[in-house]
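Each remark here refers to the structure printed beneath this line.
The values are calculated or read from the model by the stated rules, or taken from the named source; none is laboratory data. None of these values were measured; they are calculated from a predicted model. Note: ideal-geometry Cβ built from the backbone for every residue, glycine included; neighbour counts use all protein chains shown.
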Amino acid sequence: MPAPPAAHGESPGLPPSDTAAYVAAMATMLDLPVPASLQAGVVANLEHIRAIAQPVITFALPDTIESAATFEP
(Lines give C-alpha, C1' and ligand atoms only; values in the text may rest on other atoms or scores of the structure.)
Protein backbone atom coordinates (compact mmCIF):
# COMPACT_ATOMS: atom_id res chain seq x y z
CA MET A 1 0.00 0.00 0.00
CA PRO A 2 1.78 3.19 -1.14
CA ALA A 3 1.70 6.36 0.91
CA PRO A 4 -1.61 8.20 0.62
CA PRO A 5 -1.69 11.70 -0.83
CA ALA A 6 -0.11 14.23 1.49
CA ALA A 7 -2.47 15.99 3.86
CA HIS A 8 -2.13 19.70 4.42
CA GLY A 9 1.18 20.29 6.20
CA GLU A 10 2.65 16.90 5.29
CA SER A 11 5.28 16.33 2.66
CA PRO A 12 4.43 14.46 -0.53
CA GLY A 13 6.39 11.29 -1.14
CA LEU A 14 7.11 10.61 2.51
CA PRO A 15 5.44 7.89 4.52
CA PRO A 16 2.53 8.81 6.78
CA SER A 17 3.30 9.83 10.35
CA ASP A 18 2.46 6.33 11.72
CA THR A 19 5.82 4.92 10.72
CA ALA A 20 5.36 1.54 12.42
CA ALA A 21 2.14 0.91 10.49
CA TYR A 22 3.82 2.05 7.28
CA VAL A 23 6.76 -0.33 7.81
CA ALA A 24 4.36 -3.21 8.49
CA ALA A 25 2.27 -2.42 5.38
CA MET A 26 5.33 -2.07 3.12
CA ALA A 27 6.87 -5.28 4.47
CA THR A 28 3.64 -7.10 3.64
CA MET A 29 3.31 -5.49 0.21
CA LEU A 30 6.92 -6.31 -0.69
CA ASP A 31 6.75 -9.78 0.88
CA LEU A 32 9.78 -8.76 2.91
CA PRO A 33 9.67 -10.24 6.40
CA VAL A 34 11.04 -7.94 9.10
CA PRO A 35 11.89 -9.94 12.23
CA ALA A 36 10.27 -8.61 15.39
CA SER A 37 13.73 -8.05 16.90
CA LEU A 38 14.56 -5.61 14.07
CA GLN A 39 11.24 -3.76 13.68
CA ALA A 40 12.02 -1.00 16.19
CA GLY A 41 15.33 -0.29 14.46
CA VAL A 42 13.73 -0.21 11.02
CA VAL A 43 11.08 2.24 12.28
CA ALA A 44 13.71 4.42 13.97
CA ASN A 45 15.87 4.49 10.83
CA LEU A 46 12.93 5.36 8.59
CA GLU A 47 11.94 8.19 10.95
CA HIS A 48 15.54 9.43 10.87
CA ILE A 49 15.58 9.31 7.06
CA ARG A 50 12.27 11.20 7.01
CA ALA A 51 13.72 13.94 9.22
CA ILE A 52 16.80 14.25 6.99
CA ALA A 53 14.71 14.36 3.80
CA GLN A 54 12.12 16.84 5.10
CA PRO A 55 14.02 20.05 4.15
CA VAL A 56 14.73 18.75 0.66
CA ILE A 57 11.18 17.53 0.02
CA THR A 58 9.60 20.76 1.29
CA PHE A 59 12.02 23.13 -0.45
CA ALA A 60 9.91 25.30 -2.73
CA LEU A 61 11.05 25.69 -6.33
CA PRO A 62 9.58 28.22 -8.72
CA ASP A 63 7.37 26.86 -11.50
CA THR A 64 9.72 28.34 -14.09
CA ILE A 65 12.76 26.29 -13.06
CA GLU A 66 13.97 23.63 -15.48
CA SER A 67 16.09 20.62 -14.67
CA ALA A 68 19.55 20.38 -16.16
CA ALA A 69 19.82 17.95 -19.05
CA THR A 70 23.34 16.97 -17.99
CA PHE A 71 24.96 17.18 -14.59
CA GLU A 72 28.21 19.12 -14.71
CA PRO A 73 30.04 19.60 -11.39
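Here are the numbers for this structure:
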{"quantity": "Residue check, Thr70 of a type in the set (S, T, N, Q), modelled with pLDDT of 90 or more and not in a helix (DSSP H, G or I)", "calculated": "no"}
{"quantity": "Residue in region 35-55 that is out of contact with any helix residue (DSSP H, G or I) (no Cβ under 9 Å at 6 or more places or on another chain), modelled with pLDDT under 90 and in a loop (DSSP other than H, G, I, E, B) present", "calculated": "no"}
{"quantity": "Residue selected from region 56-67 under the condition among the polar types (S, T, N, Q) and outside any helix (DSSP H, G or I), by the criterion nearest to Val23 (Cα to Cα)", "calculated": "Ser67"}
{"quantity": "Given (1) at positive phi; (2) at pLDDT below 90, number of the condition Glu10 does not satisfy", "calculated": "(1)"}
